[in-house]
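> Got a structure for you, questions after.
The values are calculated or read from the model by the stated rules, or taken from the named source; none is laboratory data. Keep in mind that this is a model prediction, so the values were computed, not measured. Counting neighbours? That spans all protein chains shown, and the Cβs are built from the backbone with ideal geometry, glycine included. Heads up: the accessible areas ignore ligands, DNA and RNA and are worked out on the full protein's heavy atoms, side chains in. Shrake-Rupley method; radii C 1.70, N 1.55, O 1.52, S 1.80 Å.
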Amino acid sequence: MKAPLFIGIDGGGTKCKARLEDAAGNVLATSVAGPANPARDFSQTLHSIEQAVMAALIQAGLSSDDINRIHAGIGLAGVNLPVYRDKMLQWQHPFISMHLTTDLHIAALGAHNGENGAIVIVGTGSSGVYLRDHLQLEMGGHGFGLGDKGSGAWLGNQAVRHCLESLDGLTAHTLLTEAVLAHSGSRNSAELVQRYLTARPAEFASLAPQVFACAEQDDPIAHAIILDGADYLSRLAAKLREQGAPRLSFIGGLAHKITPYLHATVQQFIQPAQFAPEYGAILFCREDVNE
């Protein structure tokens, strides 16, 4: 009988990342697939997970049949909501076993190598968690439209709002106005509304680099938007620290961009994440399997 394999999956609103290890902990492959947030698109989530797993197997020189040797640790955005967690647990997956938790949980495990610590994720969405002796204190992460302040999706949404107000003559027409129009390919407010009225968070998040670029060119609106988001993230981080977190890390695609705008008292406590979330997913999986 062939030895088991372990895969860690980190699924969010923009992409799904995988790390494949053998039983001894040697990394065999890493891969990336599409979005994997079951609260947004359940079928897409399953497809992205399967794509990431198969890509990792191929990269490792293994066959599709080897999927039956895999213990899967899967951390996903959205499964903090019971309805989506239950749907995932009902999935007829192809693995030996599946160990499901939130993207926050695996990110904290990876960032602090399984030890106690807090993280703030700043990517398509935003949220924070303090992991202490297997107990989790989560803050934020309420989803686009209800929270995610300071995130890529929130920054992009604020930029579109500013652009619309400036086109209506209600606020200044700035560099950010032009950047949003150019990025979206819109010529007027009607086209801009049509482009973003039903846009997904990831589509708004694609505007975040434009907001930072404009702020770096002294656009006052872009700068104010970033400072507003950074203030929220700073207060979130400070609250996690108040709970006694010995380590604090900022992770996610926008963490390095937002850090210089955080409160100075928060910046001094930030430490680099030790490992990526998909490694945390494997830690979670191995612990479950070995119990």
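> Go over the candidates G114, G128 one by one and state the one that is under 15 Å from the mean Cα position of the chain (by Cα) and among the small types (G, A, S).
Values: G114 fails: under 15 Å from the mean Cα position of the chain (by Cα).
So the residue among G114, G128 that is under 15 Å from the mean Cα position of the chain (by Cα) and among the small types (G, A, S) is G128.
> So, one more: With respect to A264, determine if the residue is surrounded by fewer than 16 Cβ atoms within 10 Å (Cβ to Cβ), among the hydrophobic types (A, V, I, L, M, F, W, C) and closer than 22 Å to N157 by Cβ. It would help to see each step written out before you state the result.
Numbers: surrounded by fewer than 16 Cβ atoms within 10 Å (Cβ to Cβ): yes; among the hydrophobic types (A, V, I, L, M, F, W, C): yes; closer than 22 Å to N157 by Cβ: no.
Answer is no for this residue.
> Would you confirm, using the coordinates I've provided, whether A153 is open to solvent by less than 20 Å² (accessible area, probe 1.4 Å), among the aliphatic types (A, V, I, L, M) and either in a helix (DSSP H, G or I) or out of contact with any Phe, Trp or Tyr (no Cβ under 6 Å at 6 or more places or on another chain) (or both)? Walk me through how you get there before you give the answer.
Working: open to solvent by less than 20 Å² (accessible area, probe 1.4 Å): yes; among the aliphatic types (A, V, I, L, M): yes; either in a helix (DSSP H, G or I) or out of contact with any Phe, Trp or Tyr (no Cβ under 6 Å at 6 or more places or on another chain) (or both): yes.
Considered against the rule, which asks whether it is open to solvent by less than 20 Å² (accessible area, probe 1.4 Å), among the aliphatic types (A, V, I, L, M) and either in a helix (DSSP H, G or I) or out of contact with any Phe, Trp or Tyr (no Cβ under 6 Å at 6 or more places or on another chain) (or both), A153 comes out as yes.
> Also: Can you name every residue in region 86-131 that is surrounded by fewer than 17 Cβ atoms within 10 Å (Cβ to Cβ) and not β-branched (V, I, T)? Spell out how you get there, then give the answer.
Taking region 86-131 first, the residues surrounded by fewer than 17 Cβ atoms within 10 Å (Cβ to Cβ) are 86, 89-92, 94, 96-97, 113, 115-116.
Hits for region 86-131 are D86, L89, Q90, W91, Q92, P94, S97, N113, E115, N116.
> While we're here: Please specify each residue of region 1-43 satisfying the condition of being open to solvent by 60 Å² or more (accessible area, probe 1.4 Å), under 18 Å from A77 (Cα atoms), within 18 Å of the chain's Cα centre (by Cα) and of a type outside the set (A, V, I, L, M).
First, pick out the residues of region 1-43 that are open to solvent by 60 Å² or more (accessible area, probe 1.4 Å): 1-2, 14-15, 17, 24, 26-28, 30, 32, 40, 43.
Now drop any that are not under 18 Å from A77 (Cα atoms), which leaves 14-15, 17, 32, 40, 43.
The next check asks that each one be within 18 Å of the chain's Cα centre (by Cα); those that pass are 14-15, 17, 32, 40.
Across region 1-43, the qualifying residues are T14, K15, K17, R40.
> How many residues are open to solvent by 10 Å² or more (accessible area, probe 1.4 Å) and under 20 Å from the mean Cα position of the chain (by Cα) if we restrict to region 205-224?
4
> If you take just the strands (runs of 3 or more DSSP E) that sit entirely in region 40-137, which of them hold at least 3 residues that are within 29 Å of D22 (Cβ to Cβ) and either modelled with pLDDT of 95 or more or touching a helix residue (DSSP H, G or I) at 6+ places or on another chain (Cβ under 9 Å) (or both)? If you could, list the steps in order and put the result at the bottom.
On the way: elements: 70-76, 97-102, 117-122, 126-132.
Where strands (runs of 3 or more DSSP E) fall fully within region 40-137 and carry at least 3 residues being within 29 Å of D22 (Cβ to Cβ) and either modelled with pLDDT of 95 or more or touching a helix residue (DSSP H, G or I) at 6+ places or on another chain (Cβ under 9 Å) (or both), they are 70-76, 97-102, 117-122.
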